[in-house]
Amino acid sequence: MQISSIQKRSLFRRFYVPGVHLLFSLILFLILLSALSAAQPDGWLLEKDKNGIRVYTKKNSKSNLKDSQSIMVINTTAGKAFELFTDFERHNKWMDRIRTSRLLKKVSDTEFYVYYEVTAPWPASDRDVVVHYKMTELDSGGFKMEAIGKPDYVPRKEGMVRVPESHSTWEFIPKGGKLEVIFTSHSDPGGSIPDWLANMTAADNPYNTLSNLRKLLGGE
């Protein structure tokens, strides 16, 4: 049975409720506005916003793994942050899931090689990684640490899966008597961990790390 154009208009008038169409449009607009406000210029999407720590994630351009960028502002100085950060033997006290941290080589006051053992969530095997740190001073009076994984720097350890790819940056930027911390991270855990499982901790790990760092720096 075909419906005539007159019947269609009659049905529309019958079921159309004044204001509902406008309300529906407004809801769609607010959803779109919320999504845009949560996005960063480089495609980062806000995934966690809690206790003054914001964590953004985005899909890596070369895989389905998520990269993360976490940001907080704390009451401390760049000098105190540098002192704590370069105490590499204590990184396991504040970096999330780091079981062991050991300084392998100090090239200079601004360049280091550090070994980490990482506790992986069950049922995955634990990981290890060697990270090459290089520090540069910022014009703001702060500093930046670039951390690049070096999977072949030391022999592989039995029972550990070596992280094949890791690249992160730490920026400590003085702002108005406080310190902004920006931690950007990309990592491929290697082994047989599916992407969806690795992505489950993409926001939690950096959030926990910054939260622990803030406690040690006394910036609560």
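Taken as Cα centroids, the range 100-145 and the range 48-71 sit 19 Å apart, rounded to the nearest whole angstrom. Coupling constants for the range 119-126 follow from the phi torsions by the Karplus curve (6.51 cos²θ - 1.76 cosθ + 1.60, θ = phi - 60°), and in residue order they are 7, 8, x, 4, x, 6, 6, 5 Hz; glycine and proline get x. Taking amide H positions as modeled 1.01 Å from N, with prolines and chain starts lacking one, the residues under 5 Å from ASP128 and 5 or more places away or on another chain are VAL118, VAL161, ARG162, VAL163. Sorted ascending by nearby beta carbons within 10 Å, beginning with the fewest, TRP122, TRP44 become TRP122, TRP44.
Working from label points 7 Å from Cα in the Cα-to-Cβ sense, the LEU104 to ASN51 distance is 3.2 nm.
Step through the table entries LYS93/LYS144; LYS59/LYS175; LYS59/LYS150; LYS50/LYS93, compare each Cα-Cα distance with 27 Å, and write down the pairs that go over it.
Values: LYS93/LYS144 21 Å; LYS59/LYS175 30 Å; LYS59/LYS150 23 Å; LYS50/LYS93 21 Å.
Violating the 27 Å limit, Cα to Cα: LYS59/LYS175.
The tail of the calculated P(r) for the range 110-192, taken as Cα-Cα distances beyond 22 Å, holds 36 percent of the pairs. Between LYS62 and LYS157, the distance separating the two model label sites (each 7 Å from Cα on the Cα→Cβ line) works out to 2.5 nm.
Quick check on the range 67-220: take the gyration tensor over C-alpha atoms, sort the square-rooted eigenvalues as a ≥ b ≥ c, and tell me if it's rounded (a/c under 1.5), prolate or oblate. Prolate. Annotation for VAL73 and ASP204: the two label points, set 7 Å from Cα along the Cα-Cβ direction, are 3.0 nm apart.
Each reported figure results from applying straightforward, stated rules to the coordinates on display, with no laboratory input. Keep in mind the model is a prediction, meaning the values are calculated, not measured. All Cβ positions, even for glycine, are placed from backbone atoms using ideal geometry, and neighbour counts span all protein chains on display.
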